[in-house]
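Okay, so here's the structure we're looking at.
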Amino acid sequence: MSQSTETPVLDKTEQQIFKSKFLSRDLSWIQFNRRVLDQVNNENRSIFEKLMFLTITSSNMDEFFTIRLGSLYNYIDFDKERIDYSGLREIPFKKKLLGDVQQFFADQQQVFWDKLEPEFKAQGFSIAVIDQLTEKEKLSVSNYFMKTVFPMLTPMVYDSYHSFPMLMNKLLIFGVVTRSSEDIKQQKKLSFVQIPQNLPRFFEVERSDTLLFVPIEQIIRWQIAKLFRNIEILSVNLFRITRNGDFTLEESDDLEADFIEELRRKLKTRKTGRVVRIETDANPSNWMLKILKQRWELNDDNIFSSSAPLDFTGLSQIIRHPAFKSKMKPRPSQVPPIGHSEQLKDDIFEFLKQKDILLHHPYNSVQPVIDLIERSAEDSGVLAIKITIYRLAKSSRVTAALLKAAENGKHVSVLFELKARFDEENNIREAQRLQKAGCFVIFGFGSLKTHTKLMLIVRKEEEKVTRYVHLSSGNYNEDTSKLYTDVSLLTTNEVYAQDVSEFFNVITGHSSPSFYQNLITAPRDMRNKMIDLIRQEESNAKKGLASGIVIKINSLEDRQVIDALYKASQAGVRVQLIVRGICCLRPGRKGLSENISVKSIVGDFLEHARLFYFHNNGNPLVYGGSADVMVRSFERRVESMFMLLDPSTKLQAITILQFNLRDNYNSYVLLESGNYLKMIPDEGEETFNIHQEFFNLNKSRLVEQPVLV
């Protein structure tokens, strides 16, 4: 792999940031979004895949402002002290953060104009302006405006007689500056026209050789005078606002119905919360901006001016257009779990009594899990189904199966997490459907967010009862299972069954088990147990025994665990981290983390699996689980880790980690500076792309020895 020779010139703020032994969570997140944006530079991707990654960066940035910058403003607006991992206080950190985001915003536009837009014509489409249309096409657009768009638009004036209107979060809005010739003082007025969210982003015009996508804002701008008759229009400015959507639900002993109503009230703050960002088109009216900045108490660094179309997420209409379906790269066919043939479909109950099954999604289908739930709903021997749900597909087969199970008289217990961000309303709706059908539904677990993914099925088989267990890093969502990499285990092992049974007793009743045989849970003891495992590797290294740690997660932020990894590194333990997103650990620092390497994998699939490997002097301990290494996971969430007991499943998990470490196609290496370097195979070095290799993984390719260090 090519190596970096960084010799950065740092200003005073950057010097302070570099001195910290921790990397900033929020600055690290911006680096992650840069890795997503970098996918556009992959020449093996089609224009539509490249556009998709651009839309993902835009959606990511919306969430970042809604939650992360929103959280920062909670401190600033209420005079609360906050010191970032970088060592910066609230105001200096906000300046640094928004400066980095401004640069990212500019880079997004450059990517659009330099890398993407020039390819449109050759692919049979373009984003057109009104002047590019023929007279006949203009007539068609005009008719569309008058019949469909015009009746939906509502101009809202703001002046001494009209209060400032409630402008909606993340909608395209026109700010129109006008002046009446009848006004003796010639005073300007500001009106707002919100573009309804149920209008398509583009009006489509078909030509014989191309598809024209005319932005809805272009159409409205062209016809805007019809909303302001006999008035002088001084400027027409397109903008979009992002509001603070970060909120915390306080612990409540009220009835569940009250809890749901409180959550619904909190959700409304996403529509009315404090504005933290304004995106505008090029050269907006300074007079309008002055009003908006004063109104929302914003500075220039909160204003993001764009020469490209605002809100790249609207490009999904082009990406998903039926005309381009054949141009999207088909995904490889999913393969059976390693060592298991198609007989898994015959009788899943009998199969699971013989052996554990490790599923690696999306390479292995989630269908065995869905089959188990659906067959359990109909099977006369099944007595009970217990499950935790964090996110569901919109048309969920899981919900349908649970409803069927309840109708068939089975006991169904469901812990529905209502605080799953941006899925709250869907979860409330689905939970109430199950409750009405007679399922025992628990709405969360006190003030904690239940993020663990566990299922228990109790089945009477002749004279005994067998418990079928599913433990996973991913959600019970058949849609995202095709896009996210996750690891899950199906088993009838009584060690797992007893632990999971105890777990459900804890969350549905008043129980506190003295210990679990296999399960490690948060917030009870996960952080401490993880630190103990790290310290054991440190102890082995100090004794001259074989040691090593390999961890694959989404995010690494918890200081206590990071400090334990630093100490292990200083003792000589080789630590290899595969962290997709946020990483607050600074690797490669002399005397601190010389033995720690960090890589991030970003590519065709969203890396969502969590795996933990501890060498244990040649007798590896390998865990899967739902938790990332974050404060929220250890202190404010119900999470679980499970040890892989079966030698075959353990070997599969180790192979997954080994393949992740070998990848040199989707991988980025974290440098001491906090920047990432794209891995590029050296001349003659074989390219290893895990998002292809896992579709070709079979039993013969499993690692021969369970050693990663």
- [ ] Apply the Kirkwood formula to the range 264-413: the hydrodynamic radius equals the inverse of the mean of 1/r over all pairs of different alpha-carbon atoms; give it in Å with one decimal.
- [x] 21.3 Å
Task: Förster-model FRET efficiency, 25 Å R0, residue 321 and residue 107, C-beta, rounded to 0.05 - done: 0.40
Task: Label point distance in nm, residue 435-residue 115, each placed 7 Å from Cα along Cα→Cβ - done: 4.6 nm
Task: log₁₀ of I(q)/I(0) at q = 0.11, 0.15, 0.27 Å⁻¹ - the range 395-464, Debye sum with one point per alpha carbon - done: -0.30, -0.53, -1.35
TODO: Mind checking which aspartates and glutamates have their Cα closer than 18 Å to the Cα of residue 543? Skip sequence neighbours fewer than 8 apart in that chain.
DONE: 532
Task: Estimated inter-spin distance, residue 150 and residue 545, nm [label 7 Å along Cα→Cβ] - done: 8.2 nm
TODO: Please list the equivalent ellipsoid semi-axes of the range 110-207, computed as the square roots of five times the alpha-carbon gyration tensor eigenvalues, in descending order and whole angstrom.
DONE: 33, 18, 15
Open item on the list: Using 0.36 nm times the number of residues separating residue 208 and residue 229, minus their current alpha carbon distance, what extension gain do you get?
Closed with: 3.8 nm
- [ ] Just round it to a whole percent: the fraction of Cα-Cα distances in the chain exceeding 45 Å.
- [x] 28 percent
Open item on the list: If you take every DSSP beta bridge fully contained in the range 375-486, what fraction is antiparallel? Give it as a percent rounded to 5.
Closed with: 60 percent
Task: Mean separation of Cα contacts under 8 Å, 6 or more apart, over the residue count of the chain: relative contact order % - done: 12 percent
- [ ] Determine ³J(HN,Hα), in whole Hz, for all residues of the range 648-653 in sequence, where each value follows from phi through the Karplus function 6.51 cos²θ - 1.76 cosθ + 1.60 and θ = phi - 60°; x replaces Gly and Pro.
- [x] 5, 5, 5, 5, 5, 5
TODO: Just the number, please: Stokes-Einstein D of the range 40-112 in µm²/s, Kirkwood Rh from C-alpha pairs, 37 °C, 0.692 mPa s.
DONE: 233 µm²/s
- [ ] Evaluate the Debye formula for the range 561-600 with equal point scatterers sitting on the alpha carbons, no solvent, and hand back log10 of I(q)/I(0) at q = 0.14 Å⁻¹, in q order, two decimals.
- [x] -0.24
Open item on the list: Can you tell me which aspartates and glutamates have their Cα less than 14 Å from the Cα of residue 121? Leave out same-chain residues fewer than eight positions away.
Closed with: 206, 209
Task: Above-threshold pairs, the threshold being 20 Å between Cα atoms, out of 453/567; 115/678; 12/94; 394/552 - done: 453/567; 394/552
TODO: Only Lys, Arg, Asp and Glu count, each charged at its Cβ (+1, +1, -1, -1), so figure out the dipole size of the chain about its Cα centre, rounded to 20 debye.
DONE: 1020 debye
- [ ] Could you pull out the pairs from 19/590; 147/188; 188/293; 355/650 whose alpha carbons sit more than 20 Å apart here?
- [x] 147/188
TODO: Go ahead and run the numbers for FRET between residue 479 and residue 135, Cβ-Cβ distance against an R0 of 56 Å, rounding to 0.05.
DONE: 0.80
Task: Charge tally in the Cβ shell below 9 Å around residue 476, where Lys, Arg are +1 and Asp, Glu are -1, residue 476 excluded - done: +1
Open item on the list: Using a 7 Å offset from the Cα along the Cα-to-Cβ direction at both residue 380 and residue 635, what is the distance between the two label points in nm, to one decimal?
Closed with: 5.4 nm
Open item on the list: For a Förster distance of 51 Å, can you work out the FRET efficiency between the beta-carbons of residue 408 and residue 331, rounded to the nearest 0.05?
Closed with: 0.90
Open item on the list: Please list, ordered by chain and number, the residues whose modelled amide H lies under 5 Å from the amide H of residue 418; skip anything fewer than 5 residues away on the same chain.
Closed with: 444
TODO: Identify, among 509, 392, 418, the residue whose Cα sits farthest towards the positive end of the charge dipole of the range 342-515, taking +1 on the Cβ of Lys and Arg and -1 on the Cβ of Asp and Glu, with the dipole about the Cα centre.
DONE: 418
Task: Net charge, residue 459 excluded, C-beta distance under 9 Å - Lys, Arg +1, Asp, Glu -1 - done: 0
Open item on the list: Give me Rg/Rg_expected for the range 342-515, where Rg uses Cα atoms only and Rg_expected = 2.2 N^0.38 Å with N residues.
Closed with: 0.97
Task: Bridge type composition, the chain - antiparallel percent by DSSP, nearest 5 - done: 70 percent
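The numbers here are math on the coordinates, done by the rules we state, and not lab data. Remember, it's a predicted structure, so these values are computed and weren't measured experimentally. Cβ: placed from backbone, ideal geometry, glycine included. Neighbour counts: every protein chain shown.
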